[in-house]
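The values are calculated or read from the model by the stated rules, or taken from the named source; none is laboratory data. As the structure is a prediction and not an experimental result, all values here were calculated from the model. A quick note on method: Cβ atoms are made from the backbone with ideal geometry, for glycine too, and the neighbour counts reach across all protein chains shown. What goes into the accessible areas is simple: the full protein's heavy atoms, side chains included, and nothing from ligands, DNA or RNA. Shrake-Rupley method; radii C 1.70, N 1.55, O 1.52, S 1.80 Å.
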Amino acid sequence: MRDLGEHLKLRIPGAARSSSGGTDGESSPLLNLSTEAQQPPQSEVRESSSELSFSHEYHPFEQSKTGLMICLFHVILYLVVSVAAFGYGFEKWGIIDSVYFGVVTFTTIGFGDLAPSNDAGRFFMVFFALYGIGILGVFLSILGEAFLEAGHRAMAETEARAKKRVLAMFSSPNGDDDEPETKAYCREWCVTIVTELPIICLLLFLSTMLGIPEGRSIISSIYFAVITATTIGFGDLHPTESWMRAIYIFYLPFSVAVFGQILSKIAGVYMTRKAREADEKFLHRHLALRDLKAMDVDGDGKVSYGEFLSFIIVALDKVEKEEVDEILLLFKSLDVDNNGYLEKSDLIKLSTGERSHTMQLT
């Protein structure tokens, strides 16, 4: 296997060595941006503003507009089926109550104020519930992340000041960064709580406002907000009027999605810290002969930087081995002249339809 470190390098042609053969003219091992490098004619390689390249920002599917639109499509389809099945089919609940029932189902709250009353509706509900929980659970995760990101951007300055205050509370007076383990953990946990506190207060405020028409006290409204957002849904409190259910059609997915993400982030502080400790212990292990044999993929008796890097990140479960192999396969496919570098000459050949004959992507 070629050095993975070399696979991640780019070399501009024409700057490999000076004509005198000195070391000053040798290309950088990472990326030679020398202005003295001979540039090929402008017509040979043209930048395409309409095509995405590797330098463009990458958005995972769950953070992309495509992912959000697909999830919205499934939500709308789910609610339409709910209206058709329970508004005009198995039950005669009407549009608002049927949509409300669908929302209560896929958020897994299950108040119990509405439920199928016959065997046909219950049999249909078996598949309807599995589809809603399985598919639309992804939507709730994406929706919650999107709401949190939007809220964080809107309150960035306020959060920065709050973080600074919390850090100051837990920082060492003499500026010593070597803080105790417990104190460091508490600091991370408190920073996370302070960061998410405005969103939590918004949820509680909305629940309190919605509780006024229902005649709930402030304590009952807070209780209802937590029981609902955590999808426990005892059913002792639930909207009773049809117009209130119309409002809860929007409130319930919002509260469940956002609160779920908040709890995930808070719990993630502990999990991230433990994962970091496990990584640290692994990286302090000693190197054995069997390790060299396992790392030496190409069997040349030596372990290169790339072989070591790919072995470690796979061993730490940062990536899967198949993913590393796929990236290397992509590099070899783009390296048309098979010299171990990506150069402008490769771009020229790729633009004419050439590909590496020794390694092509399938």
Residue set F234, F250, F254; condition modelled with pLDDT under 90 and within 19 Å of Y100 (Cα to Cα); output residue F254
In the set E307, E280, the lone residue that is in a helix (DSSP H, G or I) and open to solvent by 70 Å² or more (accessible area, probe 1.4 Å) is E280
Among S356, S345, the single one that is polar (S, T, N, Q), modelled with pLDDT under 85, out of contact with any Lys or Arg (no Cβ under 8 Å at 6 or more places or on another chain) and open to solvent by less than 70 Å² (accessible area, probe 1.4 Å) is S345
Answer yes or no as to whether G235 is at positive phi and open to solvent by 40 Å² or more (accessible area, probe 1.4 Å). no
Flagged pairs (Cβ under 7 angstrom, 6 or more apart or on separate chains; first in the range 216-235, free of Cβ contacts under 8 Å to residues at least 40 places away in the same chain and polar (S, T, N, Q); second assigned to a helix (DSSP H, G or I) and open to solvent by 20 Å² or more (accessible area, probe 1.4 Å)) are S221/T208; T230/F259
Given the conditions (1) polar (S, T, N, Q); (2) open to solvent by 60 Å² or more (accessible area, probe 1.4 Å); (3) without any contact (Cβ under 8 Å) to a residue 40 or more places away in the chain, every one holds for S333 apart from (2)
Taking the range 115-138 and keeping residues of a type in the set (A, V, I, L, M) and open to solvent by less than 60 Å² (accessible area, probe 1.4 Å) leaves A115, A120, M125, A129, L136
- [ ] Check the range 258-265 and report whether any residue there is at pLDDT 80 or above, in a loop (DSSP other than H, G, I, E, B) and of a type in the set (G, A, S).
- [x] no
Counted residues in the range 101-116 being of a type outside the set (G, A, S), at pLDDT 90 or above, closer than 15 Å to V256 by Cβ and in a helix (DSSP H, G or I) come to 3
Among the hydroxyl-bearing types (S, T, Y), surrounded by fewer than 16 Cβ atoms within 10 Å (Cβ to Cβ) and under 30 Å from F205 (Cβ atoms), is that true of S264?
-> yes
Output for Cβ contacts, cut-off 8 Å, separation at least six or different chains, first residue without any contact (Cβ under 8 Å) to a residue 40 or more places away in the chain and β-branched (V, I, T) in the range 70-95, second open to solvent by 60 Å² or more (accessible area, probe 1.4 Å) and in a helix (DSSP H, G or I), reads V83/I95
Of the residues in the range 238-257, those that are open to solvent by 20 Å² or more (accessible area, probe 1.4 Å) and part of a helix (DSSP H, G or I) come to S242, W243, R245, A246, I247, I249, F250, F254
Within the range 192-227, the residues that are part of a helix (DSSP H, G or I), open to solvent by less than 50 Å² (accessible area, probe 1.4 Å) and either touching a Cys at 6+ places or on another chain (Cβ under 7 Å) or over 30 Å from R273 (Cβ atoms) (or both) are S207, T208, L210, G211, S220, S221, F224
